[in-house]
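Structure first, then comments.
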Amino acid sequence: MRETNWAGNQTFTAERILRPRTVEQVQEAVAAATAVKALGSRHCFNDIADCPGGVQIDLAGLDPVTELDSDAATITVPAAARYGDIAERVHAAGFALANLASLPHCTVAGTVATATHGSGRRNQGLASAVSGLELVTADGEVKTYTHHDGVVVGLGALGVVTRLTLDLVPAFDLRQDVFDGLPWASAYEHFEEIQAAGYSVSLFTNWARDTIDQVWVKGPGRPGADFFGAKAADGPRHPAHAAGIPADNCTRQLGVPGPWHERIPHFRLDFTPSVGNELQTEYFVPIRHAEAAMETMRGLGHRLAPLLLTSEIRMIAADELWLSPFHGGDRLALHFTWQPEPDAVRALLPVMEERLAPFDVRPHWGKLFDQAADYPRLGDFRELADELDPGGKFRSPFVRRHVFGER
């Protein structure tokens, strides 16, 4: 029986899945393979993790030891470490990661490789915290990189990442307040103020209703009971609350303070995250296009809403990583959590991308999309891939299509 990704919408077609226990075994496996791909938490919704006819490498069995350097304010972790697993140790040592994704369940290497990001007006994506990584290249050699903007968001096209070093910041507490019914007019008129109201701010909608369903504000202080026309929620909310999903698996709300790692994610580590078998898509546009892009999606609301569980609007700060969607400027993120109806969703993606094309749109590498975007450093990345993998053993169909432009 073939194995699948988390959502069950992708069936892997690799001949074998190897589970090495040491980096040396990873080196041997990579050197011997003709086609190879590393597996993370399998929380990608397209074929980025597949390797047809080749070998997939599951790194979960590697030495789980982490190394926290208090003087340097860094932590070095194995590739398959989950953010939720390392957060408590980081916090206990008086440190924090500057940002986390909505789900603490995902592996560090997979999250970084696909530029998964978290949110916040001044917060960069998670890959920006990487100050070093260890990479097994096509010939089985281990290479170590520090502060290299080309290798971090690697899409699995450069080799198998076995360890990463992450920069830390001092530990901090946050509270999480949720508001219902934000008028669209307020969202447009006060967008910058709303996004600056917390350390991280997310808006949830189905694009068809007259108001935005919810606003989640994660910050150090109380935003007030009336938030730009939205009212404080009278109980915990799930992002898909309007679809009838209970809030049991969500992080603590109602303004109760708590450590960063228990408030920045939307979902708790000890529960199935989000809804479970949903599908996901996400697009990013420069922040100057925020209102126009939101209006464009509202124009498609009648087609989006029947397929949506919820959609999230948030911001991510710029970075200089070559294949990061945030390369070169702050971006608005338009995230779509879909019902498990892959054919209907895929049919809608080209329509969405055509509507968003005037806004320099870039898709999330690990989620469902139709066409990839161009990047200013894409040519440099291709040269780096040719250098590290001259035989193309990491050049999966996904990489050939979306990085090298092959059909």
inquiry  = Largest first, please: the extent of the C-alpha atoms of the chain along each principal axis, to the nearest Å.
reply    = 61, 48, 41
ask   = If one computes the Cα centroid of segment 127-170 and of segment 213-284, what distance in Å separates the two points?
value = 32 Å
inquiry  = Can you give me the distance in nm between label points at Thr66 and Gln25, each placed 7 Å from the Cα along the Cα-to-Cβ direction?
reply    = 2.3 nm
task = Using Cα positions and a limit of under 29 Å, work out the lysines in reach of Lys143, with same-chain residues fewer than 8 apart set aside.
result = Lys37, Lys367, Lys393
request  = Let me know the charge dipole size of segment 173-363 about its Cα centre in debye, to the nearest 20, where only the beta-carbon of Lys, Arg (+1) and Asp, Glu (-1) is charged.
outcome  = 180 debye
query = So if R0 is 41 Å, what FRET efficiency would Ala243 and Asp139 give, r being the distance between their Cβ atoms, rounded to the nearest 0.05?
reply = 0.25
query = Per-residue ellipticity at 222 nm for the chain, helices alone: DSSP H runs ≥ 4 residues times -39500 (n - 2.57), over residue total, nearest 500 deg cm²/dmol?
reply = -5500 deg cm²/dmol
inquiry  = From Cα pairs below 8 angstrom and at least 6 apart in sequence, can you work out the relative contact order of the chain, rounded to a whole percent?
reply    = 18 percent
request  = Any chance you could tell me what percent of the C-alpha pair distances in segment 61-171 go past 23 Å?
outcome  = 21 percent
Whole-number percent relative contact order across segment 123-189, with pairs defined as alpha carbons under 8 Å at least 6 apart = 33 percent
key: Relative contact order %, segment 165-277, counting alpha carbon pairs below 8 Å whose residues are six or more apart   = 33 percent
message = What distance in nm lies between label points placed 7 Å from Cα along the C-beta direction at Ile17 and Thr4?
response = 1.3 nm
inquiry  = What is the distance in Å between the Cα centroid of segment 317-333 and that of segment 341-407?
reply    = 16 Å
Which of His261, Gly244, Phe271, positive extreme of dipole for segment 208-300 (C-beta unit charges) = His261
request  = Please list 392-398, 70-76 highest first by mean number of surrounding beta-carbon atoms within 10 Å per residue.
outcome  = 392-398, 70-76
inquiry  = Can you list residues from other chains, or at least 5 along the same chain, whose modelled amide H is less than 5 Å from the amide H of Gly125?
reply    = Ala317
ask   = Ranked highest first by the average count of other Cβ atoms within 10 Å around their residues, in what order do 335-346, 173-184, 149-160 fall?
value = 149-160, 173-184, 335-346
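Quick note: the coordinates plus some simple rules give every number you see, no bench work behind them. Note that the structure is a prediction, hence the values are computed from the model and not measured. Using ideal geometry, Cβ is built from the backbone for each residue, glycine included, and neighbour counts are taken over all protein chains shown.
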